[in-house]
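Working notes, beginning with the structure itself.
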Amino acid sequence: MCNFTELYRMDLPHRAISVYRYLADRANKDGICWPSIPTISKDLKLSESTTRRALKDLRKAGLIQTEQRHRENGGNSSLQYKL
């Protein structure tokens with residue numbers, strides 16, 4: 001996980017910083033969490049498109065990795081985030 005002081009020094013939009021802090025707050029001891037985009041958006045009062053842009057910013061900066069999770073019936077579930 002990234003130190004918040006380092007995070008603030010990076011050239012990231014405020015949406016990305018907010019989402020990173022949200023994910024860090026929900027991550028387990030291994031830095032993994034899996035909130036859905038609608039949940040993140042609702043909790044942070046951001047649109048879903050803004051949340052997706054923030055996640056893209058974080059992936060591009062190398063701060064998170066994402067992996068698609070699947071339901072037992074083969075359908076997509078929320079992404080898994082690793083900080």
Please state which one of 64, 40, 32 is buried (at least 18 other Cβ atoms within 10 Å of the Cβ) and touching a strand residue (DSSP E or B) at 6+ places or on another chain (Cβ under 6 Å). 64
Since residue 74 meets every condition but one in (1) surrounded by fewer than 10 Cβ atoms within 10 Å (Cβ to Cβ); (2) modelled with pLDDT of 95 or more; (3) not aromatic (Phe, Trp, Tyr), which condition does it not meet? (2)
Can you tell me how many residues within region 1-38 are β-branched (Val, Ile, Thr) and touching a residue at least 12 places away in the same chain (Cβ under 8 Å)? 3
Identify, please: which residue in region 7-22 is among the aromatic types (Phe, Trp, Tyr) and crowded, with 18+ Cβ neighbours inside 10 Å and is, among those, nearest to residue 58 (Cα to Cα)? 20
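The values are calculated or read from the model by the stated rules, or taken from the named source; none is laboratory data. All figures in this text were calculated on a predicted structure; none of them were measured in a lab. Positions of Cβ are generated from backbone atoms using ideal geometry, with glycine treated the same way; all protein chains shown enter the neighbour counts.
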